[in-house]
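This report refers to the structure that appears directly beneath it.
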Amino acid sequence: GAVVSQHPSWVICKSGTSVKIECRSLDFQATTMFWYRQFPKQSLMLMATSNEGSKATYEQGVEKDKFLINHASLTLSTLTVTSAHPEDSSFYICSARRLAGEGGGETQYFGPGTRLLVL
Amino acid sequence: AQTVTQSQPEMSVQEAETVTLSCTYDTSESDYYLFWYKQPPSRQMILVIRQEAYKQQNATENRFSVNFQKAAKSFSLKISDSQLGDAAMYFCAYRTSTSGSRLTFGEGTQLTVNP
């Protein structure tokens, strides 16, 4: 099956610092990746759609200057939380879109998530 | 607006028994796809099963099957012969062909499997 990795899996940082999270599709190319945020016992909230070679599309209410997304290659997207504050503490999940023709239809495969704690 | 509703925040089942998780959705589109994802305590999202709206036959994957009722906009998941490893949060999700691959998720159903 398709594999998507995220790094780091856990990060603790001080308030005011920036944190970069990487999302990689390991065995397929992904022109589109997605970034989600999930609070405990809640559903996934889509933050933005990351498109290779172009600007990300942010969902309403998500600050694009706060959450910087770069999709520099067909296998890597990064999310940078700039000037992180305690309210940014959350579980961040990425997914990569695998297109039809590479295993039976378009499907999103998810990374294992990154737990961010801002002190 | 497109919405996905899971009316059961929590469900429980005895090991080896069968359980059905409910999901309804609302859309005006005719071409769409439905998914069930599983999120165990590790929090890794795992695709359980998918259904294309144009297919009348219900999808099955081993012990997992769906009951897709297009007119009623219902997409329930049946887990047969439940195992302890099935314990997880289950999310129903929906995507249209015009949504740019964006998934809309339900609120989730926490499934407990009792030994």
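The values are calculated or read from the model by the stated rules, or taken from the named source; none is laboratory data. Just so it is clear, the structure is predicted and the values come from calculations on it, not from any experiment. So basically every Cβ, Gly included, is an ideal-geometry build from the backbone, and we count neighbours across all protein chains shown.
The set of residues from the range B:71-115 being part of a strand (DSSP E or B), more than 11 Å from every other protein chain (Cβ to nearest Cβ) and surrounded by fewer than 20 Cβ atoms within 10 Å (Cβ to Cβ) comprises B:Ser74, B:Ser76, B:Lys78, B:Thr96, B:Thr112, B:Asn114. Mind checking whether some residue in the range B:63-70 is surrounded by 13 or more Cβ atoms within 10 Å (Cβ to Cβ), within 14 Å of chain A (Cβ to nearest Cβ) and under 20 Å from A:Tyr109 (Cβ atoms)? The answer is no; no qualifying residue exists. Here the strands (runs of 3 or more DSSP E) wholly within the range B:11-55 that include at least 2 residues being under 19 Å from A:Ala2 (Cα atoms) and within 14 Å of chain A (Cβ to nearest Cβ) are B:32-39, B:46-52.
Taken together, the residues in the range B:56-70 that are part of a strand (DSSP E or B) and more than 15 Å from B:Ala87 (Cβ to Cβ) amount to 7. The condition (being under 21 Å from A:Thr17 (Cα atoms) and of a type in the set (Gly, Ala, Ser)) is satisfied by just one residue among A:Ala84, A:Ala96, A:Ala72, A:Ala48: A:Ala84.
Restricted to the range A:90-119, and to residues there that are out of contact with any Ser or Thr (no Cβ under 8 Å at 6 or more places or on another chain) and surrounded by fewer than 16 Cβ atoms within 10 Å (Cβ to Cβ), the residue that is modelled with the highest pLDDT is A:Ala100.
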